[in-house]
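The values are calculated or read from the model by the stated rules, or taken from the named source; none is laboratory data. On a predicted model such as this, the values are computed, not experimentally measured, just so you know. Here Cβ is always computed from backbone atoms with ideal geometry, including for glycine, and neighbour counts include all displayed protein chains.
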């Protein structure tokens, strides 16, 4: 069953005034892995996630857009965090491309069961980086981290519904390598005191991968 995947980060002696630079540092590490230095969207939430955003901007990132300069990491974070409050959270969306299976018609003249073939393609996936004020959502950063990265569903790293042949194993490994590379960059360059990669169900991702392999081997 698909599970939500998060990475929580804690910083030593953390203060709200340090949050924008910490977010910038994390986003820069993600950009090194994704190859895209632009923010896709930014939002600011007051009090808790049940409240409507007080600030929201969705960027149009293409070669013709005048927003390209605005959507750089430094500019997007500076604009969204212009008003800093203890009871607010600041969310930034970026994208990377993960491998996923796509069922396509088999080209004429090629043999494939049922005329369909599995092709692995790189698909854009949204990652949300959230920085929490110390009073946001009843000080939940004690559990969530000062910064929390939301990777979405863990499907790209587990792919429970896909047939685990050599191609699937290879591309899952590529996705895992990207996730680990990002995590190691954050650990090395962002000055964190601790980190936790966790799923909403509480089941460790590593255990899910092991169980997945054991079911087919």
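Out of 80, 31, I need the residue that is under 26 Å from residue 123 (Cα atoms) and in contact with a helix residue (DSSP H, G or I) (Cβ under 9 Å, 6 or more places away or on another chain). Which one?
Working: 80 fails: under 26 Å from residue 123 (Cα atoms).
Matching residue, one of 80, 31: 31.
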Checked 165, 105, 150 against criteria (out of contact with any helix residue (DSSP H, G or I) (no Cβ under 7 Å at 6 or more places or on another chain) and modelled with pLDDT under 90); the one match is 165
From 42, 31, 69, which residue is part of a helix (DSSP H, G or I) and either in contact with a strand residue (DSSP E or B) (Cβ under 8 Å, 6 or more places away or on another chain) or over 30 Å from residue 203 (Cβ atoms) (or both)?
31
Do you know which residues across the range 168-182 are surrounded by fewer than 17 Cβ atoms within 10 Å (Cβ to Cβ) and either under 12 Å from residue 100 (Cα atoms) or touching a residue at least 60 places away in the same chain (Cβ under 8 Å) (or both)?
169, 170, 173, 174, 181
Residue check for residue 129: part of a helix (DSSP H, G or I), modelled with pLDDT of 95 or more and under 29 Å from residue 36 (Cα atoms):
no
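Select from the range 183-217 the residues that are surrounded by 14 or more Cβ atoms within 10 Å (Cβ to Cβ), out of contact with any strand residue (DSSP E or B) (no Cβ under 9 Å at 6 or more places or on another chain) and modelled with pLDDT under 90 and list them in ascending order. Before you say what the answer is, go through the steps one by one.
First pass over the range 183-217, keeping only residues surrounded by 14 or more Cβ atoms within 10 Å (Cβ to Cβ): 183, 185-187, 190-192, 195, 197-199, 203, 205, 208-209, 212.
Now drop any that are not out of contact with any strand residue (DSSP E or B) (no Cβ under 9 Å at 6 or more places or on another chain), which leaves 185, 191, 203, 209, 212.
Across the range 183-217, the qualifying residues are 203, 209, 212.
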Qualifying residue in the range 135-143 (condition: buried (at least 21 other Cβ atoms within 10 Å of the Cβ), in a helix (DSSP H, G or I) and touching a strand residue (DSSP E or B) at 6+ places or on another chain (Cβ under 6 Å))
yes
